[in-house]
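Heads up, the thing below is written out as structure tokens.
Laboratory data are not the source of any read-out in this text; all were calculated from the coordinates shown. It should be emphasised that the depicted structure is a prediction, and the values quoted were computed from it without experimental measurement. Neighbour counts run over all protein chains shown; Cβ positions are idealised from the backbone, glycine included.
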Amino acid sequence: MDLSKPYDEEIYETEQFIKKLRNKSKATEESSWEKFKASLIVIQNSERELFVLFFINIMLSLDYYILTTMIPLYFSQEEGASDTEAGVIFGLVGIVIGILAVFLGPFVNKLGCKQSLIVSGGFTFIGYLLLLSTRNIIVNLIGVICFLTVGCSMSWSVVELGAKLYTAKEARNTSNSLLMIGNFFSGILAGTAIDFIWTNNGNINNKYFTIYSTAAFAAGLSFLAAISMREPRETETEEEEEIIFSRNLYIKKKFWRFLALIFLLILLRSGCFGHLDATFPKYLTRQEGEKAHFGAYLALHSATMLCGTIGFTPISYNFSSYSLILAGAVMGSIAPLFLAIGGSTFYFICFVLVVSAGESLWVPRLLDYTIRIAPKGEEGTYLALCNCPFYFGMIVTGIFSGNLLEMYCPEEGENNCDKMWLIIGICGIVIPILLFMFRKILEQPDEEENPYMPCFKEGNINYDKVPIN
């Protein structure tokens with residue numbers, strides 16, 4: 001990449017390189033590994049904005065990890081909230097992010113990647129400044145609910161859409177995996193920073209101040225990086241084709257199939273994966289005291305997901321995205337059973353490794369699946385729905401976690417924490433069973449005779465088989 005070249009010239013050279021690579025791949029039968037290596041070459045020769053996007057993704061993901069990891073502890077320790085109250089706040093953050101993500105999703109194409117990322121970074125920065133400025137619970141809630149939720153609600157869908165626009169079709173699976181790798185790398189950074197600050201600072205106020213200062217610094221960097229970006233050419237030439245929550249969206253079968261799948265994944269995320277953020281840190285502090293290394297386990301979680309995403313990406317060219325989502329769901333649902341068996345370091349590590357491996361299977365493949373089936377012009381809405389399991393799952397996890405902690409693993413008195421994790425495990429395993437039983441209904445077919453719902457007039461017209469888009 002020559003940074004001194006004009007933008008149009010840089011794009012032209014990239015397109016010519018990709019065209020040559022396509023012609024070469026058509027002439028030969030390539031294995032999955034060869035396709036993966038070719039996709040890396042395509043990404044290496046992509047526009048420089050793609051790499052700025054990867055950096056922004058790391059910074060905003062770090063902010064998200066810090067937010068979700070610290071909320072339950074912060075409001076319990078600093079604001080005197082009970083486990084249930086802290087869980088409700090945790091869940092409220094998730095549901096507000098989810099609602100905003102769905103509401104703002106259709107406008108992502110209209111606003112553009114650059115402007116959306118500027119808004120996301122700016123709101124995140126202001127939110128953390130409010131957390132740093134005072135310990136007043138009203139101001140803190142304003143910072144979290146009114147600013148941090150806006151920043152988080154826009155960040156992932158915008159980054160994912162930007163990766164699609166800046167990446168050639170042949171390399172999108174790998175580009176999506178690189179986004180996830182960046183996300184997991186930021187989790188390693190967040191976990192390492194939290195663990196170092198938490199275990200080496202005796203003053204509880206200084207702990208939170210330093211952690212939130214780190215998050216504010218990352219948000220500021222993402223804001224500055226977004227200002228330096230250029231919009232992808234595709235958003236400038238196809239503005240009239242955008243669809244903003246039109247009737248064409250909800251009259252199609254694929255939309256309702258996808259919505260049903262997302263609903264089950266919300267339950268999956270809330271039933272097992274979400275407890276790594278909402279329940280595990282408090283559980284560790286009550287098992288091992290204030291010197292509990294929950295930040296180190298967060299780093300281990302992200303490192304495992306990073307390695308798992310790299311390792312599992314080549315097989316995404318041989319297995320369907322739905323199959324890999326199902327496999328990841330099974331792994332995640334059995335992970336809590338390790339903590340039901342024992343409460344030592346060995347079982348902590350087993351829990352984190354298994355839940356992380358499962359998440360590294362299904363999360364990138366859900367993104368692949370979403371981008372594959374999303375109709376042109378409706379990507380913003382589909383990507384917003386794709387991220388709903390991470391947001392809406394928080395409300396169920398938060399309330400469920402708070403009640404279970406108070407009942408079975410309280411801060412003081414006799415506890416029965418293993419029973420808490422057994423209940424979580426039993427509830428979680430139901431979702432993979434449903435995903436398997438209703439696969440034929442939930443999975444989007446490659447072709448269908450009538451793409452419209454029968455309750456609308458379009459559904460009563462005879463069609464030849466049409467492709468999914």
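Here is how the numbers come out for the structure above:
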item	result
Kirkwood Rh, Cα atoms: Rg over Rh of the range 274-389	1.05
Between helix 7-27 and the chain: long-axis angle, C-alpha atoms, 0 to 90°, nearest 10	80 degrees
Once exposed loop GluC sites (Glu not before Pro) are cut out (DSSP; at most 13 other Cβ, 10 Å), longest piece of the chain	30-237
Helix axis angle, 32-44 relative to the chain longest principal axis, alpha carbon, degrees	90 degrees
Tail weight of P(r) past 20 Å, computed on alpha-carbon pairs of the range 352-438, percent	53 percent
Sequence ranges 188-195, 205-212, 332-339, ranked by mean other-Cβ count within 10 angstrom, highest first	332-339, 188-195, 205-212
About the Cα centre, charge dipole magnitude for the chain (Lys/Arg +1, Asp/Glu -1 at Cβ), debye	600 debye
Extension gain from S320 to E447, taking 0.36 nm per residue of separation minus the Cα-Cα distance	44.2 nm
Members of K110/K440; K164/K252; K37/K440; K114/K376 lying beyond 26 Å, as alpha-carbon distances in this model show	K110/K440; K37/K440
Helix-only [θ]222 nm of the chain, DSSP H runs n ≥ 4, -39500 (n - 2.57) each, per residue, nearest 500	-24000 deg cm²/dmol
Percent breakdown of C-alpha pair distances by 10 Å bin, ordered from the shortest bin, for the range 75-114	27, 31, 22, 18, 2
Fraction of alpha-carbon pairs over 41 Å apart in the chain - percent	17 percent
